[in-house]
Amino acid sequence: MSSATAAGRPSTALRSEASAARRRRVGKLVSYGVLAAIAIIYVFPFVIAVVTSFKTDPDATQNPLSLAPSPATTGAFRQLYQDQDFLLWLKNSAIVTLSVTFLRVFLDSLAGYALARLRFRGRGAAFATIVAVMAVPGVVLLIPKFLMIRQLGMYDTYYGMIIPLLVDAAGVFIMKNFFESIPISVEESARIDGASIFRIYWSIVLPMARPALVTIFILSFQGSWNELAHFIISAQSSGLNTLTKGVAQLASGQLGVGNRYPLKLAASVLMTIPVAVLFFVFQRRIMNVSSGAVKE
Amino acid sequence: MAAITFDHVSKTYGDGFRAVADLDLEVHDGEFVVFVGPSGCGKTTALRMIAGLEEISEGEIRIGERVVNNLPPRDRDVAMVFQNYALYPHMTVAENIGFALRMRKVPKAEARKRIEDTARIIGLADHLDRKPRQLSGGQRQRVAMGRAIVREPRVFLMDEPLSNLDAKLRVQMRAEISRIQRRLRVTTVYVTHDQVEAMTMGDRVAVLRRGVLQQFDAPQRLYERPANLFVASFIGSPAMNVLEATIERNGDGLVGRIGADTLRLPDARPALAGYAGRKIALGIRPEGLDEAAAGSGGRLRGVVRAVEALGPEQLAHVELEAAPVLAEDVLEGLVDLEEARDLAELRTERDGSPRALVVARLDASSAVRPEQTVELSVDLGRLHFFDLETGASIGE
Amino acid sequence: MASITTRLREPGIRGHEAAAGWLFLAPVIVILGLFLVLPIAMAVWVSFSDWTGNGSPLGAHAHWVGLANYRHLLTTPGLDQNNFGTSLRNNLYYVLFVVPVQTAVALFLAVLVNRRVKLVGFFRTAFYFPSVTSSVAITILFLFLFSPTGVINKLLSYLGATGPSWLYDPRGLFHVVLGQFGVHSPPSSLANGFFLGVSYWDWLSGPSIAMCVFVLMAVFTTSGTFMLLFLAALQNIDDSINEASALDGATEWRKFRHITVPMIRPTIFTVVTLGLIGTWQVFDQIYVGTKGSPLNTTLTPAFLSFNQSFNNNEWGVGAAIAFILFAIIVFFTVVTRLATRSPDHVPRRRRFLKAQPGGSAP
C-alpha cells in the first residue's frame, strides 16, 4: 500500500517503503517468537506428563524436568492394568459415554426439529422452558439429581449414570438453529413427494444436518467422557467406577506410600487419548470457527 | 390430469395481512396457466395453496372434482418445482428423481425404468450418479423438473423455476419447459414475475396485484385489451406510454387534447362520450407511434432525448409537452430498471409545464437524432383509454 | 382464526403435525422434567427441611424447618458458618483472579492466531488442546507440576529462587505481600470484626498460595475455549474496516483499542459471563486435588455443599448452600449484563417491537 508515494520524491518514498518492509519483517519475527514461547508453555506440561509416565517413582521425584526417563519403564502402565481396575473403568466410561453421545444426538435432533419446523400449540412454551433450563448451573443440580435418582431407584445403576446426562438443552438449541437454517423448500418438496413427518426428519433433514450432528457428537462425547461430579453422586459401588472417578480416587491417594506420580500420570495420559483422538479427527471442524455453520 | 378451480379463495395471515383476496378462476385440464405480477402480489401464495403448503382461509380449491382444502400435499397428486430447486443435497440425481416413487412404494424395477425414461427426457441420463453439488445450475434445474415429471402427477406447479438461471439459459429452458408440458399435457400452473415468461409460455395468463386478480386472459388479449392501467403498464416491453388527455366534443366526434396537441378519437368508442369535458388516461404502445409521414391522422410533437438502436428497430425516447400519468397502478406495473430510470425524468417539469417522456418504436432506417424536434404519428386504432380514478379500461 | 378450528376437527394439510411435534419432544421433556425440574423442586424442599439422608426426603424422616438451614449458614456463628464464609472468600478471589486473566489471555491468543501466518493451525491446536482434556487429568498434571519437588520448583531453583510448597501453603497472597513489608499481624480493628464467621483480616487475605495453583490451572484450561469464541468474533469483523483504519494511520494498539474491542463487545460479555458462571462452580479440581485443604483455603461453596450433604449428612444445609450459590451466580450475571451494556442498547421490549415484520408477504 504505497498510497503515500509522492510523485516528485521517489527515492524517499522507496526508502521509507523499504524501512516499513523491514519493520514488518521484524514484527513478524517477534510475533512468531511470542507464539512459540506461549506454545511451549501450553504443550510442555503434556510432554512432561507423557515422559513421566515412563519413569520410576524416585526418578520422577528427583528429576521432574528431565525428558529422558532413566530407566525408562512401562511399570506404571503395568501396575494400572494389574493392581487397579483400569480396564473396568475404561469399560464403564465407554458404555456411559457412547450411550449418552448417541442418545443425545438422536434426542437433541428430534426435539430440535420439532421446535424448528413442526407447528403445534405449546411449542413456544416448550422452547422457553428448555432455554430457561440451560441457565441453571450444573453444580447446583448435584444434590437435586442425587435425590431424584435415589427416589426413582436408579442409584448405583447405569441408568442413573446415563439418563440424567441426556438432558442437553444446549444441544437442542444448536439443532434447532441448524434446522432453521436449512431452506424449508427442501422439506416442502419432500412433503409433496409423499414423505411422512418422520420420514422427512429421518431421510431428508438428518442427513443434511451432519455438521450440527458432528458438533453435538463432539460436545457430548467430550462432556460425558470427562464428567466426574455426576458419577460421584449417581453411583457408589467401585464396579461402576468410570475412568474419571477411578483415576480421581487414585489421585486422592488411597494407595499407600509415595506420591506415585508415574502411575497417576500414566492413567491421565491414557484417559486423555480418546478425546485427543476425537479432537484431532475433527480438528478442522472444531477450529474452523468461521465456516462452522451451514454451507450448501 | 385435472382442472384446478379457485372458488372465491382468500388467504389471510395471522397478522392480518391479506395475501390473496377472493381469487376466482379455473385452470382447464391440460392447460398451461401463468400467474404473474410484481413481488408481493400473492401469486406464490396462490400456488402454494394448490400444493397444500399454505392453508386456505376462505373459499375452496378443487383439483378435478375433489375439494382439497384439507388434503395434505402428498394426497393431492401434484408435483412442484421450486425456485431454489430444493434438491436433496445428499442424494444422487437418480435418488432425487426416485424419492417420490420410493415414498409411493413403486416396485424397484418399474421405478428404475421410470427414472431412466425421465432422465432421457431431461437430458441427464449420463448424470444419474452425480450429487446436486456436482451439477451446473441448468442441470440442477432439470433435475428439479425431472423430479416432477417422473411422478406423472395430475398437476405441475412451478414457482419461478427459471429465475436462478442466466439470461441465455433461461430462454432455452423456457422453450424446453413448454415443449415438455405440451408433450405430457399435464395441467400446469407456473408462477413468475417476468412478464416475458408469462407471455411466451402461458396458454392463459392471470395477472395479480396486491392479492387481487386483475385479468385472466390469453397473452395476446392481455396485450391488446388490458383491463386496467396496471395490466396495461405491466404487460409489454417497453411499457405502454400513458398520458393525461382531456376529452372534448368536436362537432359530431370526440377529440383528446394532450398538451398542445389534439388527437381525433375513433368513433368506435361510444363509452368515451360520457367522459366529455373530463380527463382520462390515454395509453399508446411504443409501436403505435411512428415518424410522421405526410397526411396521416393524429400527431404529437416533441423533442428526442435519447435513441436506442436495437438492430432490427430503434427506440426513441421523446419528450412531449404533456402530463404523464403517474398513478400508483402505473408505477407498480413498470418493473424494468430502465423504465424506473425514465420515471425520474418523467417527473421533471420545465417552465412550469409538465413534460412526459414517451417511447416510440421506430424503424431501423429512421434517422432521428437526440435533441431533434420530431412529429410522431399516432395509430388512432390502437389507442387505449382508462378511467383516471378507477384505472379501469373504458369499454368500446 | 378459522384455520385453527378446522385443524382441530380433522388433520388438515399439515397432517398430524401437533401429535408428531409432541412425540418428537417427549423424550427431552420427560428427561428434563424428571431430572431437572422435579429434582430442583425436591431440593428446594430439602433446603427447608431437617432431612439427614435416611429414607426418602418426601417421607416421614424429613420435617419442615423453615429458613433454619439458611439462618444456620448466614446468621448463626459456628463452624458451618465459618466454613461457608471461608468458601465464599476463596471462591470470590478465585473468580476475581481467573475471570479477568483468562479473558485477557484468550483475547490475546485470539489476536495472535488471527493472522495469516504459517503454522497458525498448529498454534491454535496447541492453545485449545488443554480445553478438551478432563479436569481429572489436568488436575493430576498440575499436582505433579506444583508438587514441592515438582517441575515448577525445579525451574525456579535454576533461577536461584526457592518456590513455596504450593498446594500445601495456606498463606494468603495479600498476606504474603504485606509480610514482605513487615506487616505480619492485623490491626485489631480487622482482627475483631467478623463477617460470615470470617474476620475482616482473613477476608482480605487474597487467594492462598494453594488456590493460586487452581487459578493458573483454570487459565490454562479455559483460555483455549474462549480463544475460539474471540477468534470467531474477530473473523466476523469486516476486513474493510481494518483497512480503512490502516489508511487513517491508526497504530496497531489504537486500532485494537478503538475498533476491535468495541466491535467484539458482545463476545467479551459472553466470555466474562461464561467465565463467571464457570468459576463459581469449581468442584472437580478441588475434589481431585485438595478436598479443601490446606486449612480450608481451597474450599469452595460447590465442594462444601457436596461435602455437607454426602459426607456430613446435613442435606438441608448442603441444599441451602447450593441455592445461595445459584443466587450468587445469577447476581453476577445480571451485574455483568448491566456493566457491559453498550451505549446504544435497545431495551428488550422495544427490540421485540422493532423486530416485528411489517407484513409476511411471501
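Taking the stretch A:199-237, which residues are more than 30 Å from residue A:270 (Cβ to Cβ), among the small types (Gly, Ala, Ser), in a helix (DSSP H, G or I) and in contact with a helix residue (DSSP H, G or I) (Cβ under 7 Å, 6 or more places away or on another chain)? Steps first, answer last, please.
The initial filter retains those residues of the stretch A:199-237 that are more than 30 Å from residue A:270 (Cβ to Cβ), namely A:199-212.
Going one step further and asking which of them are among the small types (Gly, Ala, Ser), we end up with A:203, A:209, A:212.
Of the ones still in play, those that are also in a helix (DSSP H, G or I) are A:203, A:212.
Residue satisfying the conditions is A:212 alone.
Could you tell me which residue of the stretch C:208-235 is farthest from residue C:85 (Cα to Cα), considering only residues that are of a type outside the set (A, V, I, L, M, F, W, C) and part of a helix (DSSP H, G or I)?
Among those that are of a type outside the set (A, V, I, L, M, F, W, C) and part of a helix (DSSP H, G or I), it is C:235.
Would you please name the residue that is farthest from the other protein chains (Cβ to nearest Cβ), looking only at residues in the stretch B:59-105 that are among the acidic types (Asp, Glu) and closer than 25 Å to residue B:31 by Cβ?
Taking the candidates together, the pick is B:65.
Which one of C:85, C:78, C:55 is of a type outside the set (A, V, I, L, M, F, W, C) and within 27 Å of residue C:38 (Cα to Cα)?
C:55
Results for (1) over 28 Å from residue C:336 (Cα atoms); (2) more than 14 Å from chain A (Cβ to nearest Cβ); (3) part of a strand (DSSP E or B), shown as yes or no for each residue.
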| position | (1), (2), (3) |
| --- | --- |
| C:104 | no, no, no |
| C:125 | yes, no, no |
| C:128 | no, no, no |
| C:141 | yes, no, no |
| C:161 | yes, yes, no |
| C:176 | yes, yes, no |
| C:183 | yes, yes, no |
| C:202 | no, yes, no |
| C:206 | no, yes, no |
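Looking for whichever is polar (S, T, N, Q) and either surrounded by fewer than 17 Cβ atoms within 10 Å (Cβ to Cβ) or over 28 Å from residue C:50 (Cα atoms) (or both) here; the options are C:245, C:305. Which one fits?
Unique residue meeting the criteria: C:245.
Considering every residue within the stretch C:64-86, establish whether at least one is surrounded by fewer than 15 Cβ atoms within 10 Å (Cβ to Cβ) and assigned to a helix (DSSP H, G or I).
Yes: one or more hits.
Filter the stretch C:21-57 down to the residues that are over 31 Å from the mean Cα position of the chain (by Cα) and at the interface with chain A (Cβ under 7 Å from one of its Cβ atoms) and list them by number.
Within the stretch C:21-57, C:21, C:22, C:24, C:56 qualify.
Among C:320, C:327, which is the only one that is more than 9 Å from every other protein chain (Cβ to nearest Cβ), modelled with pLDDT of 90 or more, assigned to a helix (DSSP H, G or I) and surrounded by fewer than 16 Cβ atoms within 10 Å (Cβ to Cβ)?
Result of the check over C:320, C:327: C:327.
Enumerate the pairs (first residue in the stretch C:131-152 and in contact (Cβ under 8 Å) with a residue 12 or more places away in the chain and of a type in the set (A, V, I, L, M); second residue anywhere and surrounded by 23 or more Cβ atoms within 10 Å (Cβ to Cβ) and in a loop (DSSP other than H, G, I, E, B)) with beta-carbon separation below 6 Å, excluding pairs fewer than 6 apart on the same chain, so at least 6 apart or on different chains.
Pairs found: C:152/C:146.
On the given criteria, is residue A:161 over 30 Å from residue B:105 (Cα atoms), modelled with pLDDT of 95 or more and either aliphatic (A, V, I, L, M) or in contact with an Asp or Glu (Cβ under 7 Å, 6 or more places away or on another chain) (or both)?
Details: over 30 Å from residue B:105 (Cα atoms): yes; modelled with pLDDT of 95 or more: yes; either aliphatic (A, V, I, L, M) or in contact with an Asp or Glu (Cβ under 7 Å, 6 or more places away or on another chain) (or both): yes.
Yes, satisfied.
Can you find a residue in the stretch C:289-308 that is touching a residue at least 24 places away in the same chain (Cβ under 8 Å) and over 27 Å from residue C:219 (Cβ atoms)?
yes
So in the stretch C:1-36, with the set limited to residues that are crowded, with 16+ Cβ neighbours inside 10 Å and of a type in the set (D, E, K, R), which one is modelled with the lowest pLDDT?
Checked the stretch C:1-36; the qualifying residue modelled with the lowest pLDDT is C:7.
Just wondering, is there one or more residues in the stretch B:49-56 that are of a type in the set (Val, Ile, Thr) and within 13 Å of chain A (Cβ to nearest Cβ)?
Taking every residue of the stretch B:49-56 in turn, at least one turns out to be of a type in the set (Val, Ile, Thr) and within 13 Å of chain A (Cβ to nearest Cβ).
Check residue B:294 against each of (1) part of a strand (DSSP E or B); (2) more than 29 Å from residue B:227 (Cα to Cα); (3) at pLDDT below 90 and name the one condition it does not meet.
Among (1) part of a strand (DSSP E or B); (2) more than 29 Å from residue B:227 (Cα to Cα); (3) at pLDDT below 90, residue B:294 violates only (1).
The rows are residues; the columns are (1) touching a Ser or Thr at 6+ places or on another chain (Cβ under 8 Å); (2) modelled with pLDDT under 95; (3) surrounded by 18 or more Cβ atoms within 10 Å (Cβ to Cβ).
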residue	(1), (2), (3)
A:141	no, yes, yes
A:153	no, yes, no
A:157	no, no, no
A:166	no, yes, yes
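Filter the stretch C:240-265 down to residues that are under 18 Å from residue C:340 (Cβ atoms) and basic (Lys, Arg) and give me whichever is modelled with the lowest pLDDT.
Checked the stretch C:240-265; the qualifying residue modelled with the lowest pLDDT is C:257.
Only one of B:305, B:285 is under 12 Å from residue B:359 (Cα atoms), of a type in the set (D, E, K, R) and in contact with a Gly (Cβ under 7 Å, 6 or more places away or on another chain); which?
None of the others qualify; the one that does is B:285.
Would you check which residues across the stretch B:19-32 are touching a Gly at 6+ places or on another chain (Cβ under 9 Å), buried (at least 22 other Cβ atoms within 10 Å of the Cβ) and under 25 Å from residue A:194 (Cβ atoms) and list them?
B:32
Where the second residue is part of a loop (DSSP other than H, G, I, E, B) and β-branched (Val, Ile, Thr) and the first is at the interface with chain C (Cβ under 10 Å from one of its Cβ atoms) and in contact (Cβ under 8 Å) with a residue 60 or more places away in the chain and lies in the stretch A:208-237, which pairs have Cβ atoms under 9 Å and are six or more apart or on separate chains?
A:225/A:242; A:227/A:242
Does residue C:60 count as out of contact with any strand residue (DSSP E or B) (no Cβ under 8 Å at 6 or more places or on another chain), closer than 21 Å to residue C:310 by Cα and at the interface with chain A (Cβ under 8 Å from one of its Cβ atoms)?
Numbers: out of contact with any strand residue (DSSP E or B) (no Cβ under 8 Å at 6 or more places or on another chain): yes; closer than 21 Å to residue C:310 by Cα: yes; at the interface with chain A (Cβ under 8 Å from one of its Cβ atoms): no.
No; evaluated as a whole, the condition is false for this residue.
Give the residues of the stretch A:102-125 that are in contact with a Lys or Arg (Cβ under 8 Å, 6 or more places away or on another chain), more than 24 Å from residue A:163 (Cβ to Cβ) and either β-branched (Val, Ile, Thr) or more than 7 Å from chain C (Cβ to nearest Cβ) (or both), sorted by residue number.
A:116 - this is the single residue of the stretch A:102-125 that is in contact with a Lys or Arg (Cβ under 8 Å, 6 or more places away or on another chain), more than 24 Å from residue A:163 (Cβ to Cβ) and either β-branched (Val, Ile, Thr) or more than 7 Å from chain C (Cβ to nearest Cβ) (or both).
Is one or more of the residues making up the stretch B:255-263 assigned to a strand (DSSP E or B), among the basic types (Lys, Arg) and surrounded by fewer than 20 Cβ atoms within 10 Å (Cβ to Cβ)?
The initial filter retains those residues of the stretch B:255-263 that are assigned to a strand (DSSP E or B), namely B:255-258, B:261-263.
Now restrict to residues that are among the basic types (Lys, Arg): B:257.
From the residues that got through so far, the ones that are surrounded by fewer than 20 Cβ atoms within 10 Å (Cβ to Cβ) too are B:257.
Among the residues of the stretch B:255-263, at least one is assigned to a strand (DSSP E or B), among the basic types (Lys, Arg) and surrounded by fewer than 20 Cβ atoms within 10 Å (Cβ to Cβ), which makes the answer yes.
Quick test of your reading of the structure: residue A:95 fulfils all but one of (1) in contact with a helix residue (DSSP H, G or I) (Cβ under 7 Å, 6 or more places away or on another chain); (2) surrounded by fewer than 22 Cβ atoms within 10 Å (Cβ to Cβ); (3) facing chain C (nearest Cβ under 9 Å). Name the failing condition by number.
Going through (1) in contact with a helix residue (DSSP H, G or I) (Cβ under 7 Å, 6 or more places away or on another chain); (2) surrounded by fewer than 22 Cβ atoms within 10 Å (Cβ to Cβ); (3) facing chain C (nearest Cβ under 9 Å) one by one, residue A:95 breaks only (3).
Could you please give the count of residues in the stretch A:124-156 that are part of a loop (DSSP other than H, G, I, E, B) and closer than 19 Å to residue A:172 by Cβ?
Residues flagged as part of a loop (DSSP other than H, G, I, E, B) and closer than 19 Å to residue A:172 by Cβ within the stretch A:124-156 amount to 3.
The values are calculated or read from the model by the stated rules, or taken from the named source; none is laboratory data. Keep in mind that what you see is a predicted model, and the values were worked out from it rather than measured. Reconstructed Cβ throughout: ideal geometry from the backbone, glycine too, with neighbour counts over all protein chains shown.
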